[in-house]
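Below is one structure, written out as structure tokens; comments come after it.
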Amino acid sequence: MAGGVAFFQYGFIFTNLGLPDVRDDLAGRLLNFSRQARIQIPMNTRQFYIDGAWVNPLAGTELDVINPSNETVCATISLGGEADTQAAVEAARRAFDSWSESSKSQRLELMNRILEVYVSRSGEIAEAISQEMGAPVDMAASSQVGTGSYHIKAFIRALEAFEFERELRPNTPNDRILYQPIGVCGLITPWNWPMNQIALKVMPALASGCTMVLKPSELSPLSAMVFADILHEAGVPAGVFNLLNGDGAGVGTALSGHRDVAMISFTGSSRAGIAISKNAADGLKRVSLELGGKGANIVFADAAAEAVRDGVARCFNNTGQSCNAPTRMLVERSRYDEAVAQAKEQADNTAVDLAEKHGSHIGPLVSQMQYDKVQALIERGISDDGARLVAGGLGKPEGLETGYFVRPTVFADCNNDMAIMREEIFGPVLSMMPFDTEEEAIAIANDTDYGLTNYVQTGDAARANRLARRLRSGMVDMNGQARSSGAPFGGFKHSGNGREGGVWGLEEFLEVKAVGGWSSEIPEDSH
Ligand code: NAD
């Protein structure tokens, strides 16, 4: 823990996970690390990371972080206020002068070092994520931690290929297009895939020469603090990266309204995205939004045999707490009854258990509030909507009375007026509906406020491509094939306006400057 030991005073308990190898990132491998010894990482979770050091809050209140598997306090953090926000933004503003002038090779060297330290401390991150938001330990160590290293590597590749100074077009020697960092960025992230979202913002901000203040979700601050310590150990210059814990009303609002913050990059609910946009409007900030989703998974009769089971598993992954979860399954009528039976079987066979246990089960929801919201929507699906409940339902799974556990739930015979088809539930709840024609399937899929990811399952390649063009969403995944690394992630409509990942993710943090009268005889500098 470079530089960390002296200032960390109070501990939260980590289990010794060994050092799982996450080099394969999303390979989906379950890691068999040992859990014999419990160790205590000395970390004062009440502090913030500002200007290259862990510091006490200037003002603010305390918040207990609750382990959603057992409802006990696993750490206490500080929620910062105006003065803390001011200190963090000032540090970032001071650091901008030099970091914005750093060369591509300096940034690449630093990012490679971050990757090295991230991999070496992946066990700590996995345990923090598992405790704070309830991802089962094996899933936390593979998928959750793996998304971070996956994005760090992808941004290293994107930066290597990125040209910050370009010709306008061939035969325009006296024109130059310069890509330059926008300034101090406020990065506000949610709790559901903590390392995914933090890496998707911090790495491109660093790569583009921006400085930043990260405000992670107050529900998942621990993994973010480990991440901050990783950046410290990797040698990120003081002030370039700062971490402030806080809630939306406090630090979140102070950041989005701060005059020295040039850009807010936000991932979270559409509600908060709207509030941030309004607050940032007076300062004419750039606001990049990654918001919620209600993805349709369109299953045609000629889809692969495993399409329905895979769709259910994907919907329930991370206990249904993914913005891109395929939560509306539309099935061609000739295959509908069979699909409902398969979905029921898959849901009934989905194990739910404590996050600290090994295995491929799903864990609890993140909080009591999320539990209450999901229960209320299941209740609406049963009574007001009148959908047919075929699996799961209200209450907790047997034997899991403590913790925010829910029953994997499937509704059939839904229509697009139902709340369970329109609202983002953010729990393991699937809504199914039959369709007769391709046109009808497209219309149902597009009849939503959201537009993040849609899914298509069909053996007809021409039809697949037709749907990819017509679905109103930032991403379309077909026949279980994942998009490649470096592809942009983002949505249409209420799913936001940002694009994260690859070249698009870098450009979010850059200003474009057009120069006339450029002397092309002068040697290029290292940019
Ligand atoms: P949330 O909007 O409640 O909180 C997200 C973050 O915003 C937290 O850090 C929170 O403290 C902060 N925040 C809340 N109100 C704010 C305000 N007024 N001003 C500034 N900051 C504020 O969302 P959540 O419950 O943490 O996350 C779940 C939501 O995130 C879901 O809707 C999900 O779909 C969405 N999400 C979207 C993506 C994507 O890339 N599109 C990815 C993951 C999650």
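Listed values, structure above:
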read-out: Residues of the stretch 382-413 that turn out to be of a type in the set (A, V, I, L, M, F, W, C) and in contact (Cβ under 8 Å) with a residue 40 or more places away in the chain, as a count; value: 8
read-out: Unique residue being among the aliphatic types (A, V, I, L, M) and within 30 Å of Leu354 (Cα to Cα) when the list is Ala462, Ala412, Ala443; value: Ala412
read-out: Residue ID - nearest to the ligand (Cβ to nearest atom), chosen from residues in the stretch 512-522 that are of a type outside the set (S, T, N, Q) and at pLDDT below 95; value: Ile522
read-out: Pick from the stretch 447-491, criterion of a type in the set (S, T, N, Q), touching a residue at least 24 places away in the same chain (Cβ under 8 Å) and surrounded by fewer than 17 Cβ atoms within 10 Å (Cβ to Cβ), ranking: farthest from Ala161 (Cα to Cα); value: Asn479
read-out: Leu243 vs. criteria in contact with a helix residue (DSSP H, G or I) (Cβ under 7 Å, 6 or more places away or on another chain), more than 9 Å from the ligand (Cβ to nearest atom) and touching a residue at least 60 places away in the same chain (Cβ under 8 Å); value: yes
read-out: Of all residues in the stretch 474-511 being within 16 Å of the ligand (Cβ to nearest atom) and either of a type in the set (Asp, Glu) or closer than 23 Å to Arg309 by Cα (or both), the one that is nearest to the chain's Cα centre (by Cα); value: Glu500
read-out: Unique residue being in the same structural domain as Leu510 (by TED's automatic domain parsing) and not small (Gly, Ala, Ser) when the list is Val331, Val374, Val287; value: Val287
read-out: Only one of Val213, Val236 that is modelled with pLDDT of 95 or more, assigned by TED's automatic domain parsing to the domain that holds Leu115 and away from the ligand (no atom under 16 Å from the Cβ); value: Val236
read-out: Matching residues, the stretch 329-374, being more than 19 Å from Tyr404 (Cα to Cα), part of a helix (DSSP H, G or I) and of a type in the set (Val, Ile, Thr); value: Val340
read-out: Output for the stretch 264-282, where each listed residue is surrounded by 23 or more Cβ atoms within 10 Å (Cβ to Cβ) and either more than 9 Å from the ligand (Cβ to nearest atom) or in a helix (DSSP H, G or I) (or both); value: Ser265, Gly273, Ile276
read-out: Cys323, sole failed condition from (1) within 15 Å of the ligand (Cβ to nearest atom); (2) under 24 Å from the mean Cα position of the chain (by Cα); (3) in the same structural domain as Gln86 (by TED's automatic domain parsing); value: (3)
read-out: Selection within the stretch 133-178 - touching a Phe, Trp or Tyr at 6+ places or on another chain (Cβ under 6 Å) and of a type in the set (Phe, Trp, Tyr); value: Phe164
read-out: Subset of the stretch 376-423 (residues that are more than 18 Å from Ala325 (Cα to Cα), in a helix (DSSP H, G or I) and within 16 Å of the ligand (Cβ to nearest atom)); value: Ala376
read-out: Qualifying position, being touching a Cys at 6+ places or on another chain (Cβ under 8 Å) and of a type outside the set (A, V, I, L, M), among Ser265, Ser334, Ser269; value: Ser265
read-out: Lone unmet requirement of (1) of a type outside the set (D, E, K, R); (2) surrounded by 13 or more Cβ atoms within 10 Å (Cβ to Cβ); (3) at pLDDT below 95; (4) in a loop (DSSP other than H, G, I, E, B) for Ser34; value: (2)
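A quick yes/no check of all residues on (1) of a type outside the set (A, V, I, L, M); (2) at negative phi:
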position: Ala419; (1), (2): no, yes
position: Glu424; (1), (2): yes, yes
position: Met432; (1), (2): no, yes
position: Ile442; (1), (2): no, yes
position: Ala461; (1), (2): no, yes
position: Gly486; (1), (2): yes, no
position: Arg499; (1), (2): yes, yes
position: Glu508; (1), (2): yes, yes
position: Ile522; (1), (2): no, yes
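This table checks each residue for (1) touching a helix residue (DSSP H, G or I) at 6+ places or on another chain (Cβ under 8 Å); (2) assigned to a loop (DSSP other than H, G, I, E, B); (3) within 21 Å of Met432 (Cβ to Cβ).
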{"residue": "Thr448", "(1), (2), (3)": "yes, yes, yes"}
{"residue": "Gly459", "(1), (2), (3)": "no, yes, yes"}
{"residue": "Arg469", "(1), (2), (3)": "no, no, no"}
{"residue": "Val476", "(1), (2), (3)": "yes, no, yes"}
{"residue": "Leu506", "(1), (2), (3)": "yes, no, no"}
{"residue": "Val515", "(1), (2), (3)": "no, no, no"}
{"residue": "Glu521", "(1), (2), (3)": "no, yes, no"}
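The values are calculated or read from the model by the stated rules, or taken from the named source; none is laboratory data. The shown structure was predicted, so the numbers you read here are calculated from the model rather than taken from an experiment. Heads up, the Cβs are rebuilt from the backbone with ideal geometry, glycines too, and the neighbour counts pull from every protein chain shown.
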